[in-house]
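Visitor: Supplied in structure tokens, the structure appears directly below.
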Amino acid sequence: MAFAPFLIPLTALALSLLLFGGFVSLAGANALEVYHSIYRGAFGTWFSWQNTLVSAAPLMLTALCTALPARLGLIVIGGEGAVVLGGLAAALTGLALIEANPWVALFGMALAAMLAGGLLIGLVGWLRHSRNVNETISSLLFNYISIAILSFLVIGVLRDPETLNKPSTHHIGETHMLGALGESSIHWGFGFGLIACLLLWILYKRTVFGFAVDMVGGNARAARLSGLPVGRIVFLVCLMGGAAAGLAGMVEVAAVHGRANTSLNAGYGYEGILIAFAARHHPLAIVPMAILFGGIRAAGSLMQRDHDLPDATSLVLQGMIFILLLASEAVFAHLARKRGGAA
Amino acid sequence: MSNLALEAINVSKRFGELRALDRVSLKLAKGGIHALLGENGAGKSTLVKCIVGFYTPDEGEVLLGERQQTIANPRDAHDLGIGMVYQHFTLIPNMTVLENLVLARPHLPAVIDWKKERRAIGERMARMPFQLPLDASVNHLAAGEKQKLEIVKQLLLDVKVLILDEPTSVLTPDEADEVLGRIRDMTRESGLSVLIITHKFREVMTYADDVTVLRRGKHAGSARVSDVDVKGLAEMMVGSEFSQTALAREAVAEQPVKLDIAGLSVEDDSGMSAIHALSLKVKAGEIVGIAGVSGNGQRELVEVLAGQRPSAGGEIRVMGEVYAGRRRDLLRHGFHCLPEEPLRNASVARMSVAENLAFRRFDQAPFSVGGFLRRGAMAVAAARAIVDFKVRPPTPDTPIGDLSGGNVQRAILARELGERQGRPMNVLVVANPCFGLDFTAVAEIHGRIMAARNAGAAVLLVSEDLDEILELSDRIHVMSAGRLVYETTPQAAEPIVIGRHMAGHGGENHVH
């Protein structure tokens, strides 16, 4: 069954496309033409590929925010909050270092963003470990708190008076923006995402720390018997997950908007949860999943424009893929159990 | 008229490559106790599960009172009057005894008339071999009472054939005698037929009328118990391999204290005091046994030593230094622990056998270098340990959760008692190491614990099996209600006195 890991997601993908075709037909569009639009908008041209990869960049990082703690058996959904706080911290640091060398400024922004996001999710892990507060609920609530803090600050003391329609902080300066990869419009955030997924995969697969995480996630009692500092490991893993999502916030500020504003809570954090689950929390599988979902995001406007479909149509497709992926996984696991017998 | 209650003829069952049962037959007479004896993995549970329809046999048939019956699932078995008490409790913990008894019935009305049920069950309970408080919550019942409740639950369903899977493994010796004695009386009075899975010879010899022995999935022999002796049964059970080696207890000169527990207090999960100011010293080359009925603080004691539970006061010193169960100290001091229920306490089910074997040393060379794992080195070490401790199946890559209970225990033993690359073992804490294991495995484990003692380890043995404590210990403490209430030596020990202290009736100096 070496091909099973690919067979399951591909089957689910095919099924969800079929189902989605039915849905758009009901909405009055031609399913085949919609498929074609999605393909064109997401992967059809170099231009659409660039859009796709730009969308995928923050998704890879926010998916890690759910995928890393999942190895410990924690379901953290606080990526959105970590993106927001990370972006805010990055903007503030960028403004503080506006006179500094661009490299120093960018490094400072990344560090501040990772620290802000990391501490937020680290707090979630700490609350879970030492106070037994459910991590899913607390991370969800921290999302609201983080968004409220952002709004409070950008509408209030941090507001650049020139931003009328969308209250934002001052601009961090064009020279301090994160550049593109070569001649493309794909910014360095995509590189960050790739590197983060690869490094964390190596960390989990090959290192002593990853082994300890497996022990804690598999059976905390056995981990304690072996003298592992369970609380510290829970905190560190959550910190890393939050740092990844925080970095996504920095990327959005430094490479896209140049300022912190409510565009930071554009749903990257929530979509990252879907991607993490769809990738079964495997850091490397997150990359293709993020590109797929990034493509759907990128193709959304084309669907809207060419077929007169509502804005939320791409969300419907995302939802279908997500549910069918999870359902097919459950079905396959059930089949595998049956075949394995009751031994 | 036949005098058979149930007959299984040439039943076979395979799981993949493994022939769990190979044409096994069994005749269960009406009105008697039939013991099904065999080592771990001999196929006892598989046979019984085929009889009650939990498994479908690959070949063979089950006859009930001469008629062939197709038992496709446990509900069929139930309708035919076969009841089974499993090794693990199947009670609903936060419901009362009455509620559990009523809910066990297969066809319940939509609305339950509790008043009527209570009266009916109350009346029938009076004629049962065991009386249980109907309104007690199952949470608050001791293990022995839960076991009795499981049996009563089946009896109230009017079963004609009752199957018990190792019913005494959670009971004290006294409780075991009570339960088995009452069941024997019932078979005499009401014609109930009982099939008991066990690997305790004493129970077979004392309570059973007939015995069937399985060995490696095959029928090894059947007999009237009055016609056989223990030696004959043992030979049937293990074949020619049977040999009882006495444990070599070497004389050890006066030695330093390696494990020193001073004034230790511990709270249980609900914050109630489980251990009160317990003090205990264990010297090198000494096995100190802690006897007691389960639930008197032994579990909490082992958990504190294992680093799984914080202490609420007092101090633990290992090799003279304060010990808090940190990894560094664990390795530096050679502290080893074999907790009970190894799958729950000492292993990660979804990690491989090789990985589980590496838990003590995964962050040391040669298992890792510079923070990176060397899985090759782990696999090599695991392959050796698997041979040394006879872990089956002998595949290091299998997730440990797929192994049988006895083999998980062997793997964890290999980790804690096996190769140590020259590091000394100074302290060994062992809790119920032989729970549910057959006697060749028990002899082997006892031998290894004794070897650790002879090599200079301070061994703390916490066990509910008094025979085990008496056999292994140099000194014995009895634990009751979170305190050490009595100390003796195996030579001076009187089982009756120990039993009294275990039950909390130690005498004048023991006042709550």
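The values are calculated or read from the model by the stated rules, or taken from the named source; none is laboratory data. In this text, all values refer to a predicted model and were calculated from it rather than measured experimentally. Note that we place each Cβ from the backbone using ideal geometry, even for glycine, and neighbour counts take in every protein chain shown.
Visitor: Which ones in region B:287-306 are small (Gly, Ala, Ser) and either in a helix (DSSP H, G or I) or touching a Pro at 6+ places or on another chain (Cβ under 9 Å) (or both)?
Guide: Filtering region B:287-306 down to residues small (Gly, Ala, Ser) leaves B:289, B:291-292, B:294-295, B:297, B:306.
Once the filter is applied, which keeps residues that are small (Gly, Ala, Ser) and either in a helix (DSSP H, G or I) or touching a Pro at 6+ places or on another chain (Cβ under 9 Å) (or both), region B:287-306 yields B:Gly289, B:Ala306.
Visitor: Working carefully through the options B:Val391, B:Val369, B:Val348, B:Val430, find the one that is crowded, with 23+ Cβ neighbours inside 10 Å and either within 12 Å of chain A (Cβ to nearest Cβ) or more than 22 Å from the chain's Cα centre (by Cα) (or both). If you could, list the steps in order and put the result at the bottom.
Guide: Values: B:Val391 fails: either within 12 Å of chain A (Cβ to nearest Cβ) or more than 22 Å from the chain's Cα centre (by Cα) (or both); B:Val369 fails: crowded, with 23+ Cβ neighbours inside 10 Å; B:Val430 fails: either within 12 Å of chain A (Cβ to nearest Cβ) or more than 22 Å from the chain's Cα centre (by Cα) (or both).
Answer to the selection: B:Val348.
Visitor: Note down all Cβ pairs under 7 Å where the first residue falls in region B:311-337 and is in contact (Cβ under 8 Å) with a residue 12 or more places away in the chain and more than 12 Å from chain A (Cβ to nearest Cβ), the second is assigned to a strand (DSSP E or B) and of a type in the set (S, T, N, Q), and they're at least six residues apart or on different chains.
Guide: Final answer for the pair search is B:Ser311/B:Ser265; B:Ala312/B:Ser265; B:Gly313/B:Ser265; B:Gly314/B:Ser265.
Visitor: Okay, next question. Taking region B:308-333 on its own, how many of its residues are surrounded by fewer than 20 Cβ atoms within 10 Å (Cβ to Cβ) and closer than 14 Å to B:Phe359 by Cα?
Guide: Residues that pass the stated criteria total 4.
Visitor: Determine whether region B:25-38 contains at least one residue that is surrounded by fewer than 14 Cβ atoms within 10 Å (Cβ to Cβ) and either away from every other protein chain (no Cβ under 14 Å) or assigned to a loop (DSSP other than H, G, I, E, B) (or both). Before you say what the answer is, go through the steps one by one.
Guide: Initial filter on region B:25-38 (surrounded by fewer than 14 Cβ atoms within 10 Å (Cβ to Cβ)): none.
No, because not a single residue in region B:25-38 is surrounded by fewer than 14 Cβ atoms within 10 Å (Cβ to Cβ) and either away from every other protein chain (no Cβ under 14 Å) or assigned to a loop (DSSP other than H, G, I, E, B) (or both).
Visitor: Then there is this: Is at least one residue of region A:311-333 in contact with a Lys or Arg (Cβ under 7 Å, 6 or more places away or on another chain), in contact (Cβ under 8 Å) with a residue 24 or more places away in the chain and buried (at least 21 other Cβ atoms within 10 Å of the Cβ)?
Guide: So in region A:311-333, the residues in contact with a Lys or Arg (Cβ under 7 Å, 6 or more places away or on another chain) come out as A:314.
Remaining after also requiring in contact (Cβ under 8 Å) with a residue 24 or more places away in the chain: none.
No - not one qualifying residue is present in region A:311-333.
One line per residue, one yes/no per condition, for (1) basic (Lys, Arg); (2) farther than 17 Å from A:Gly272 by Cα; (3) at pLDDT 95 or above:
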site: A:Gly189; (1), (2), (3): no, no, no
site: A:Leu200; (1), (2), (3): no, no, yes
site: A:Phe209; (1), (2), (3): no, yes, yes
site: A:Met215; (1), (2), (3): no, yes, yes
site: A:Arg232; (1), (2), (3): yes, yes, yes
site: A:Phe235; (1), (2), (3): no, yes, yes
site: A:Met240; (1), (2), (3): no, no, yes
site: A:Ala244; (1), (2), (3): no, no, yes
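This table checks each residue for (1) buried (at least 19 other Cβ atoms within 10 Å of the Cβ); (2) assigned to a loop (DSSP other than H, G, I, E, B); (3) at pLDDT 90 or above.
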| site | (1), (2), (3) |
| --- | --- |
| B:Asp174 | no, no, no |
| B:Asp177 | no, no, no |
| B:Val194 | yes, no, yes |
| B:Met205 | no, no, no |
| B:Val211 | yes, no, yes |
| B:Val238 | yes, no, no |
| B:Gln244 | no, yes, no |
| B:Ala248 | no, yes, no |
| B:Gln255 | no, yes, no |
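Visitor: Pull up region B:449-472, narrow it to residues that are touching a strand residue (DSSP E or B) at 6+ places or on another chain (Cβ under 7 Å) and more than 21 Å from B:Gly295 (Cβ to Cβ), then point me to the one that is surrounded by the most Cβ atoms within 10 Å (Cβ to Cβ).
Guide: If we filter region B:449-472 for residues that are touching a strand residue (DSSP E or B) at 6+ places or on another chain (Cβ under 7 Å), which is where we start, we get B:449, B:452-453, B:457-463, B:466, B:469, B:472.
Applying the additional criterion that residues be more than 21 Å from B:Gly295 (Cβ to Cβ) yields B:449, B:452-453, B:457-459, B:472.
Values: B:Ile449: 24, B:Ala452: 22, B:Arg453: 25, B:Ala457: 26, B:Ala458: 28, B:Val459: 26, B:Leu472: 24.
In this case the residue turns out to be B:Ala458.
Visitor: Sticking with this structure for a sec: If A:His171 passes every condition in (1) closer than 25 Å to A:Leu106 by Cα; (2) touching a Phe, Trp or Tyr at 6+ places or on another chain (Cβ under 8 Å) but one, which one does it miss?
Guide: Checking A:His171 against (1) closer than 25 Å to A:Leu106 by Cα; (2) touching a Phe, Trp or Tyr at 6+ places or on another chain (Cβ under 8 Å), the one that fails is (2).
Visitor: May I ask you to say which residue of A:Met250, A:Met215 is assigned to a helix (DSSP H, G or I), within 14 Å of chain B (Cβ to nearest Cβ), in contact with a helix residue (DSSP H, G or I) (Cβ under 6 Å, 6 or more places away or on another chain) and buried (at least 19 other Cβ atoms within 10 Å of the Cβ)?
Guide: Matching residue, one of A:Met250, A:Met215: A:Met215.
Visitor: Tell me which of these A:Leu228 doesn't satisfy, since it passes every other one: (1) part of a helix (DSSP H, G or I); (2) more than 21 Å from A:Leu119 (Cβ to Cβ).
Guide: (1)
Visitor: Return yes when B:Gly405 is of a type outside the set (S, T, N, Q) and either at pLDDT 90 or above or not assigned by TED's automatic domain parsing to the domain that holds B:Gly325 (or both) and no when it is not.
Guide: Details: of a type outside the set (S, T, N, Q): yes; either at pLDDT 90 or above or not assigned by TED's automatic domain parsing to the domain that holds B:Gly325 (or both): yes.
Judged against the criteria, B:Gly405 is a match.
Visitor: Name the helices (runs of 4 or more DSSP H) wholly within region B:51-166 that hold at least 3 residues that are at pLDDT below 85 and closer than 25 Å to B:Glu464 by Cα?
Guide: Working: elements: B:74-79, B:97-103, B:114-125, B:143-156.
Helices (runs of 4 or more DSSP H) meeting the threshold: B:143-156.
Visitor: Is one or more of the residues making up region B:450-459 within 18 Å of the chain's Cα centre (by Cα), touching a residue at least 60 places away in the same chain (Cβ under 8 Å) and not in a strand (DSSP E or B)?
Guide: Our first condition is that a residue be within 18 Å of the chain's Cα centre (by Cα); within region B:450-459, this holds for none.
Scanning region B:450-459, I find no residue that is within 18 Å of the chain's Cα centre (by Cα), touching a residue at least 60 places away in the same chain (Cβ under 8 Å) and not in a strand (DSSP E or B), so the answer is no.
Visitor: Checking the conditions here, which among A:Pro288, A:Pro229 is under 13 Å from A:Ser55 (Cα atoms), without any contact (Cβ under 8 Å) to a residue 24 or more places away in the chain and out of contact with any strand residue (DSSP E or B) (no Cβ under 8 Å at 6 or more places or on another chain)?
Guide: Numbers: A:Pro229 fails: under 13 Å from A:Ser55 (Cα atoms).
Within the list A:Pro288, A:Pro229, the selection yields A:Pro288.
Visitor: Still on this model: Name the single residue, out of those in region A:170-212 being of a type in the set (Phe, Trp, Tyr) and surrounded by 22 or more Cβ atoms within 10 Å (Cβ to Cβ), that is nearest to the other protein chains (Cβ to nearest Cβ).
Guide: Step one: of region A:170-212, the residues of a type in the set (Phe, Trp, Tyr) are A:188, A:190, A:192, A:201, A:204, A:209, A:211.
Pick out the ones that are also surrounded by 22 or more Cβ atoms within 10 Å (Cβ to Cβ) and you get A:190, A:192, A:211.
Values: A:Phe190: 27, A:Phe192: 23, A:Phe211: 5 Å.
For region A:170-212, the residue satisfying everything is A:Phe211.
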